[in-house]
Each structure stands twice: as structure tokens, then as C-alpha cells.
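A short reminder: the numbers here are calculations on the coordinates, not readings from a lab. Keep in mind the model is a prediction, meaning the values are calculated, not measured. Using ideal geometry, Cβ is built from the backbone for each residue, glycine included, and neighbour counts are taken over all protein chains shown.
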């Protein structure tokens with residue numbers, strides 16, 4: 001089943017953005033739909049666990065975020081984690097070829113990114129956390145969000161490294177702060193913490209998930225407006241959404257938020273037929289608040305198999321040339337410590 005669209009971004013309706021009015025009801029991904037593999041066992045530039053992946057459908061490239069770690073450069077792992085240094089690997093559509101890379105220093109953990117394609121032959125923009133702050137456990141997480149241009153050189157050339165607080169780097173990245181203004185959000189709460197962005201290209205929207213007033217909340221804006229100016233009043237807002245025990249990623253499609261949670265295998269994995277894993281996907285209706293949660297056994301034969309990241313992948317719709325149909329994609333890290341691999345699965349049935 002498909003939900004086709006042009007893939008082009010609609011213009012923001014300024015009147016609609018003035019106050020939350022909900023989202024047009026859309027079809028939803030069927031969580032009982034059997035999962036398929038996009039790719040398995042792909043190595044990234046760094047040996048660390050993948051955190052999230054997003055897809056540029058206009059150029060057919062993946063962008064995968066992970067903690068930056070280069071064992072030969074003399075910088076300890078703990079330092080990279082504390083400082084919030086991220087590596088972004090550009091992969092071919094099947095994940096088999098490392099096309100390029102860039103390093104983002106001081107940005108955060110990279111647990112959730114949004115990919116905003118621009119045009120065929122042109123690099124996309126990435127929506128990502130920045131201004132990393134280390135917690136008591138020594139891990140750095142971004143405290144704000146931004147939109148930056150992907151500027152990784154092709155494979156075979158030295159990578160480029162950027163720091164969010166360097167003026168020249170910000171200019172090169174066309175850096176835009178897009179942290180939500182709590183004064184423009186409905187309800188009480190003077191601060192927004194732990195904001196994380198994702199992009200729904202098919203419907204031309206940006207969703208930011210954050211903590212505020214002691215709750216997990218999310219808000220949605222028109223993407224065209226969010227690229228043109230700082231975030232104002234959202235199109236939709238929901239407070240008190242559930243907090244997964246081990247959140248591993250989320251994405252937006254239409255009027256639904258999808259959340260991935262879970263840990264790596266703990267009871268033998270594929271060697272133990274009773275170990276079903278703990279990877280769950282929850283579908284939340286942003287208009288009504290209703291939710292459905294389901295265990296996923298996707299890519300169950302992987303060793304380690306830690307769920308990591310969600311996003312929407314658009315692929316050409318053969319039934320309607322020039323349009324695209326969506327896949328709900330979600331990742332898993334596999335392999336041994338120091339040699340982790342990236343894997344991505346998908347569901348595409350809609351109800």
C-alpha cells in the first residue's frame with residue numbers, strides 16, 4: 001500500500017502557523033506489517049554504534065550519525081563522548097558504499113537527526129542538536145537544535161571538521177539556530193530542554209521533541225517557514241506524551257509520531273529462541289493522543305542488535321511517476337565492540 005506525494009515542500013500557511021490547529025489526519029504505518037531489510041552489516045567511518053540515519057530521496061543517499069571516534073588520532077573515546085563530537089557518514093542507498101563524511105564537534109549525541117533534501121545534485125541540510133553539555137555520567141548531549149548544510153568531501157579526500165561555536169564554521173555550514181521559543185508554545189513552562197528534531201519531507205513539516213514543565217512534549221511546524229525564520233507558534237503541539245524507558249529514536253509521518261525504544265539482546269539473542277529482544281515501536285496520534293505499541297523482531301538474527309534511530313525513507317512510486325511513497329525505517333547496531341555495523345529495516349504498509 002502507498003501514500004504518494006510529489007516530495008516537494010509546500011509553502012507555509014502563515015495563518016495556520018499562528019496557533020495550534022492540529023494536523024490533517026493521515027494514514028498510519030501498520031506496526032503488524034512484516035519488516036524488511038534496507039541493508040545489513042554496513043561499516044561506517046567510525047567503529048562506534050550508529051545513533052540515527054536519515055535519507056535524501058532526491059540523491060539516494062543515507063546520512064548516518066554516530067559518536068566520532070578515530071583510534072589513531074590520540075583523542076580518547078571518553079573525551080569524544082563528553083565533548084559531544086559526532087561523525088556523519090554519507091552512504092549509498094544500499095549502504096554498501098561510503099560516499100563521504102564530516103565531523104561535527106561539540107554538537108551532542110546524534111541520537112536523532114532530520115535530513116532536508118534540496119535538489120538533485122545538491123547536498124541536503126541536516127537538522128541536529130548542538131551546544132553539547134556533559135551530564136553526570138560524562139556523556140554530552142545537545143541543548144539546542146540547528147539546521148546546517150552537509151559539507152562532507154567525497155570519500156578519498158580528507159574529511160572536514162566543524163565546531164558549532166566557530167564563526168567561520170558557522171558561516172560555511174549556513175548555520176541556523178532553530179530551538180523552540182517556550183514563549184511561543186502553548187501551556188506553561190519557561191524553558192525547553194533536550195530538544196531533538198526530525199523532518200517529514202513528504203508533508204513538509206518539522207517536529208521537535210523536548211522536555212518542558214516536567215513533561216515530554218512535541219510540536220510541529222511547517223518546514224518552509226522553519227527554514228525561513230526562527231520557530232514561532234506551532235501548527236500542532238502535544239504535552240505529556242509517553243517517555244520510553246530506553247528511547248532510541250522517533251520520526252513524524254503525517255499526523256503520527258513513531259517512537260523506537262529498547263536495548264541490545266540480553267539473553268543470548270539469536271542463539272536463544274526465547275530471547276525476543278526489547279525493541280518496540282509506538283505509534284502516537286498527535287491529534288487524539290491515542291497510541292499503539294508493538295514489539296518488532298526485525299532483523300532478529302543480528303548479534304548485539306541495539307535499536308538505533310528512526311526516519312522516513314521516500315522511494316519512487318512506480319504507479320505514479322514523479323511521486324514518492326514512504327517507508328518507516330528504523331536502525332539497529334550490530335557486531336562486536338570496536339567494530340560495530342549499521343543495519344536498517346523498514347515497514348511500508350499503511351492503514
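Counting only DSSP beta bridges with both residues in the chain, the antiparallel share comes to about 95 percent. Take every Cα pair under 8 Å whose residues are at least 6 apart in sequence, average their separation, divide by the length of segment 175-297, and the relative contact order is 17 percent. Start at zero, step by 10 Å, and the Cα-Cα distances of segment 155-221 spread as 17, 35, 32, 14, 3, 0 percent across the bins.
Here the extension length gained between residue 41 and residue 293 equals 88.0 nm, from 0.36 nm per residue of separation less the Cα-Cα distance.
Would you mind giving the three semi-axes, in whole Å and largest first, of the ellipsoid equivalent to segment 226-309 according to its Cα gyration tensor? Taking √(5λ) for each Cα gyration eigenvalue gives 32, 14, 10 Å. Based on every Cα atom in segment 14-347, Rg and the maximum pairwise Cα distance Dmax equal 18.8, 56 Å. With q set to 0.09, 0.15, 0.16 Å⁻¹, the log10 of I(q)/I(0) for segment 192-341, from the Debye formula over equal scatterers at the Cα positions, is -0.34, -0.86, -0.95.
Students often check this: by mean Cβ neighbours within 10 Å, which of 30-41, 92-103 ranks highest, and how do the rest follow?
Details: 30-41: 15.8, 92-103: 17.6.
Top to bottom by mean Cβ count within 10 Å: 92-103, 30-41.
For segment 102-214, the Stokes-Einstein estimate of translational diffusion at 37 °C and a viscosity of 0.692 mPa s comes to 217 µm²/s, using the Kirkwood hydrodynamic radius over alpha-carbon pairs. Computed over segment 277-351, the P(r) curve from all C-alpha pair distances, binned at 10 Å from the origin, holds 16, 40, 29, 14, 1 percent per bin. Multiplying each eigenvalue of the alpha-carbon gyration tensor of segment 36-120 by 5 and taking the square root yields semi-axes of 23, 14, 11 Å, largest first, rounded to whole angstroms. Placing a label point 7 Å from the Cα of residue 272 along the Cα-to-Cβ direction, the residues of segment 290-314 with a backbone N closer than 14 Å are 304-305.
Entry for segment 216-256 at q = 0.14, 0.17, 0.28, 0.35 Å⁻¹: log10 I(q)/I(0) = -0.40, -0.58, -1.09, -1.24, Debye formula applied to identical alpha-carbon scatterers, no solvent contribution. Each peptide in 208-218, 236-246, 192-202, 263-273 gets a packing score, the mean of other Cβ atoms within 10 Å over its residues, and the list from highest to lowest is 192-202, 208-218, 236-246, 263-273.
Can you tell me the length gained on complete extension of the stretch residue 118 to residue 184, counting 0.36 nm per residue apart and subtracting the Cα distance?
The residue 118-residue 184 span can extend by a further 21.0 nm.
Look at the alpha carbon pairs under 8 Å that are at least 6 residues apart: their mean separation over the length of segment 14-347 gives a relative contact order of 20 percent.
Applying 1/(1 + (r/R0)^6) with r as the Cβ-Cβ distance of residue 336 and residue 211 and R0 = 45 angstrom yields a FRET efficiency of 0.85.
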